[in-house]
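The values are calculated or read from the model by the stated rules, or taken from the named source; none is laboratory data. For clarity, every value in this text was computed on a predicted model and none was experimentally measured. Glycine gets a Cβ as well: all are built from the backbone with ideal geometry, and neighbour counts include every protein chain shown. Calculation scope for accessible area: heavy atoms of the full protein, side chains included, ligands and nucleic acids excluded. Shrake-Rupley method; radii C 1.70, N 1.55, O 1.52, S 1.80 Å.
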Amino acid sequence: GMNDEDRELQKAAKEACNSAYAPYSDFHVGAAARLASGKIITGSNQESEVFPAGVCAERSLLYHHQAHHKNDPIVSIAIASIPDERECYPCGICRQVINDSENRQGSPIRVIMSGHDSATVVDTAKKLLPFTFKL
């Protein structure tokens with residue numbers, strides 16, 4: 001279930017949907033991370049006319065985190081979308097990248113995947129992708 005911190009993070013993810021650039025899919029996704037310091041950072045999906053050049057909300061968030069806050073580990077991530085009839089789950093690439101972040105920081109990341117009136121929460125990204133790629 002969700003606690004108050006989860007709900008606060010879910011709200012931040014929902015607000016981050018507003019910074020998405022999604023003229024092609026019209027599917028606006030926001031992601032928010034709570035860092036060990038308590039700071040909340042956000043990301044959103046960014047599409048491109050050259051379709052493979054776009055990036056999901058989760059990766060925009062995680063790469064920003066690595067570039068700007070890498071010494072402040074991620075405790076949890078929330079994902080939300082507009083429209084939000086269904087819960088918003090990470091794509092396969094994002095599942096791998098969340099796992100990469102967990103491995104780099106050496107601690108689990110709680111993942112909150114929310115929809116209009118429900119959310120699924122897992123206590124580690126490993127549960128989203130049990131067979132991860134490792135070099």
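In angstrom, the C-alpha Rg and Dmax of the chain are 13.7, 40. Over all orientations, region 65-107 has a Cα convex hull whose mean projected area works out to 3.7 square nanometres. Look at the dipole of the chain built from charges on Cβ: of 19, 60, 114, the Cα furthest out on the positive end belongs to 60.
For region 95-135, compute Rh as the Kirkwood radius over C-alpha pairs and then the Stokes-Einstein diffusion coefficient at 25 °C and 0.890 mPa s; write the answer in µm²/s, rounded to an integer. Intermediate values should be presented prior to the final figure.
Numbers: Rh = 10.8 Å.
Value of D from the Cα-based Kirkwood radius: 226 µm²/s.
Once you keep just the Cα pairs under 8 angstrom separated by 6 or more residues, what percentage relative contact order results for region 1-111? The partial results should precede the final answer.
Details: 198 pairs, mean separation 28.4, N = 111.
Reported as a whole number, the value is 26 percent.
For a Förster distance of 35 Å, can you work out the FRET efficiency between the beta-carbons of residue 71 and residue 25, rounded to the nearest 0.05? Given R0 = 35 Å and the Cβ-Cβ separation, E is 0.55.
Rounded to the nearest 20 debye, the dipole size of region 37-106 about its Cα centre is 300 debye, using +1 on the Cβ of Lys and Arg and -1 on the Cβ of Asp and Glu. Between residue 133 and residue 107, the modelled labels are 2.8 nm apart [label points 7 Å from Cα along Cα→Cβ]. Using only the C-alpha atoms, the convex hull of region 4-48 corresponds to 59 Å³ per residue. By DSSP, the beta bridges lying fully in region 1-125 are antiparallel in about 80 percent of cases.
Given their separation in residues at 0.36 nm each and the Cα-Cα distance between them, residue 85 and residue 8 gain 25.7 nm when the chain is fully extended. Annotation: lysines with alpha-carbon distance below 28 angstrom to residue 39 (same-chain offsets under eight excluded): 11, 14, 70, 126, 127. In the context of the full set of protein chains, region 6-77 has a per residue accessible area of 51 Å² (1.4 Å probe).
Remark: the chain carries a charge dipole of roughly 540 debye about the Cα centre, counting +1 on each Lys and Arg Cβ and -1 on each Asp and Glu Cβ.
For the chain, with all protein chains present and a 1.4 Å probe, just round the carbon and sulfur fraction of the accessible area to a whole percent. List each step's numbers first, then the result.
On the way: 4000 of 7370 Å².
It is 54 percent, rounded to a whole number.
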